[in-house]
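Asker: Input: one structure, supplied below.
The numbers here are math on the coordinates, done by the rules we state, and not lab data. These figures come from a predicted structure and were not determined experimentally. Cβ: placed from backbone, ideal geometry, glycine included. Neighbour counts: every protein chain shown.
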Amino acid sequence: MSELNNIALKILSNGKGILAADESTGTMTKRLKSVNVESTKENRLLFRETLFSSESMKKCIGGVILYDETIKQNSNSKKTIPELISSSGAIPGIKVDTGAKVLAGSPEEKITEGLDGLRERLKEYYKLGARFTKWRAVYKISNDYPSKLSIYSNAHALARYSALVQENGMVPIVEPEVLMDGEHSAEECFNKTSEVIKKCYEELIKHKVDLKGTILKPNMILSGSSSKNNIDTKKIAELTLKCLKGSVPTEVPGIAFLSGGQSEKEAAKNLNSINLMNDTNFIMTYSYGRALQQSALKFWSKDINNIKGTQDTFNHRAKMCSLASQGKWSEDIEKK
Ligand code: 13P
């Protein structure tokens, strides 16, 4: 088994998933403002360190995606943040794209940037302890979108990124996020997501990426957030599995979903349904940002020194996600 495949499996196996704590300073500021906490470097670190030193890190979190600011910070215990994460058995990771910018030629859409100077940045992150990385492409759905141009150019960038990451001894997370904003149906989400993912693998294969040493981070198949035709969790699981079976090469070891605006409970319930029906060899787990952090952030904002209470809240969420990744979640356990 290759070293990269080992890393991917260590992150995703045994009821573990990924904590996506890689919000850029701009996004983190928005999140903190929404709960009336000032977005200082110290506050951003305090919240994140509180999560990273929680008990559930050992059992439920196989990897943590960090932002550039955090990977270079020290924890209270004088360990670096990557050392703190590794001490609980989880693997530190890093977001390496520099954000989604207007796509020239289709200005309503976005292209993710960050390839210039990436090789040098990857070497630095490896030295800091990162063993996996993330790059997120975003696509919106409407009659005309995503365009062929956005599907192709984002897939090309994801492939060039993945090849560079593997060259530097790390596992790339490939994240093509088809946004849930809009009135579209689940069938439309299925069609567009399938097209997007297929193009990503076409490009990854062209760029000689070893698929066994990658992780896919896709959206689930949902109807648009403004659609009147919501589908139930069984249908979500059915369509999500059909989409992934039809578009992901079997060499890929695992799939870690983003939560993408689902509530914490929906994200756990839908992942659970997917695992109850999973008839593939792919591990199906979580790489959640909001669906792991939302209630912990709310709790913490009431008293930022209440570390224990914040950790208890996070531990519950992490446990719900871990159970869902094994098809063992239920409404009753959720309430406890
Ligand atoms: P959400 O789970 O909040 O969508 O965040 C996951 C992520 O990392 C988006 O890039």
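Asker: Could you check segment 91-194 for strands (runs of 3 or more DSSP E) lying wholly inside it with 2 or more residues that are more than 30 Å from MET57 (Cα to Cα)? Before you say what the answer is, go through the steps one by one.
Answerer: On the way: elements: 91-95, 100-103, 106-112, 132-139, 171-178.
Ranges flagged: 100-103, 106-112.
Asker: Six or more apart or on different chains, Cβ under 6 Å: which pairs go from a residue in segment 238-266 that's touching a residue at least 60 places away in the same chain (Cβ under 8 Å) and more than 26 Å from LYS336 (Cβ to Cβ) to one that's within 16 Å of the ligand (Cβ to nearest atom) and of a type in the set (Phe, Trp, Tyr)? Could you list them?
Answerer: Pairs that qualify, where the first residue is touching a residue at least 60 places away in the same chain (Cβ under 8 Å) and more than 26 Å from LYS336 (Cβ to Cβ) and the partner is within 16 Å of the ligand (Cβ to nearest atom) and of a type in the set (Phe, Trp, Tyr): there are none.
Asker: Let me ask another. Give the residues of segment 34-53 that are free of Cβ contacts under 8 Å to residues at least 40 places away in the same chain and part of a helix (DSSP H, G or I), sorted by residue number.
Answerer: Here is the first cut: in segment 34-53, the residues free of Cβ contacts under 8 Å to residues at least 40 places away in the same chain are 34, 38-42, 44-45, 48-49, 52.
Of everything in segment 34-53, those that are free of Cβ contacts under 8 Å to residues at least 40 places away in the same chain and part of a helix (DSSP H, G or I) turn out to be LYS41, GLU42, ARG44, LEU45, ARG48, GLU49, PHE52.
Asker: Are any of the residues in segment 11-33 more than 24 Å from ASN275 (Cβ to Cβ), without any contact (Cβ under 8 Å) to a residue 24 or more places away in the chain and touching a strand residue (DSSP E or B) at 6+ places or on another chain (Cβ under 9 Å)?
Answerer: Scanning segment 11-33, I find no residue that is more than 24 Å from ASN275 (Cβ to Cβ), without any contact (Cβ under 8 Å) to a residue 24 or more places away in the chain and touching a strand residue (DSSP E or B) at 6+ places or on another chain (Cβ under 9 Å), so the answer is no.
Asker: What's the number of the only condition in (1) closer than 27 Å to PRO218 by Cβ; (2) more than 16 Å from the ligand (Cβ to nearest atom); (3) surrounded by fewer than 20 Cβ atoms within 10 Å (Cβ to Cβ) that GLY26 fails to meet?
Answerer: Going through the list (1) closer than 27 Å to PRO218 by Cβ; (2) more than 16 Å from the ligand (Cβ to nearest atom); (3) surrounded by fewer than 20 Cβ atoms within 10 Å (Cβ to Cβ), GLY26 breaks only (2).
Asker: A further question on this structure: Output the qualifying pairs, or none if there are none: Cβ atoms under 6 angstrom, residues six or more apart or on different chains, first residue in segment 71-94 and in contact (Cβ under 8 Å) with a residue 60 or more places away in the chain, second residue of a type in the set (Phe, Trp, Tyr) and not in a loop (DSSP other than H, G, I, E, B).
Answerer: Sorted first by the residue in segment 71-94, then by its partner, the pairs are GLY93/PHE132; ILE94/TYR125.
Asker: Still on this model: Just one of the numbered conditions (1) part of a loop (DSSP other than H, G, I, E, B); (2) polar (S, T, N, Q); (3) out of contact with any Ser or Thr (no Cβ under 6 Å at 6 or more places or on another chain); (4) crowded, with 20+ Cβ neighbours inside 10 Å is not true of ASN281; which one?
Answerer: Only one criterion is unmet by ASN281, namely (4).
Asker: Can you find even one residue in segment 250-273 that is in a loop (DSSP other than H, G, I, E, B), farther than 28 Å from VAL174 by Cβ and away from the ligand (no atom under 16 Å from the Cβ)?
Answerer: No, the conditions are met nowhere in segment 250-273.
Asker: Name every residue in segment 126-145 that is under 28 Å from ASN168 (Cα atoms), surrounded by fewer than 18 Cβ atoms within 10 Å (Cβ to Cβ) and not aliphatic (A, V, I, L, M), in order of residue number.
Answerer: TYR126, LYS127
Asker: Taking LEU276 as meeting all but one of (1) surrounded by fewer than 17 Cβ atoms within 10 Å (Cβ to Cβ); (2) within 14 Å of the ligand (Cβ to nearest atom); (3) outside any loop (DSSP other than H, G, I, E, B), write down the number of the exception.
Answerer: It fails just one condition, (2).
Asker: Another question, then. Looking at this structure, is ASP68 acidic (Asp, Glu) and either within 13 Å of the ligand (Cβ to nearest atom) or touching a Phe, Trp or Tyr at 6+ places or on another chain (Cβ under 7 Å) (or both)? Step through it out loud before you land on a result.
Answerer: Details: acidic (Asp, Glu): yes; either within 13 Å of the ligand (Cβ to nearest atom) or touching a Phe, Trp or Tyr at 6+ places or on another chain (Cβ under 7 Å) (or both): no.
No: the conditions fail for ASP68.
Okay, residues lined up against (1) over 16 Å from the mean Cα position of the chain (by Cα); (2) surrounded by fewer than 21 Cβ atoms within 10 Å (Cβ to Cβ); (3) under 20 Å from THR133 (Cβ atoms):
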position	(1), (2), (3)
ASN168	yes, yes, yes
ILE173	no, no, yes
ILE197	no, no, yes
SER225	yes, yes, no
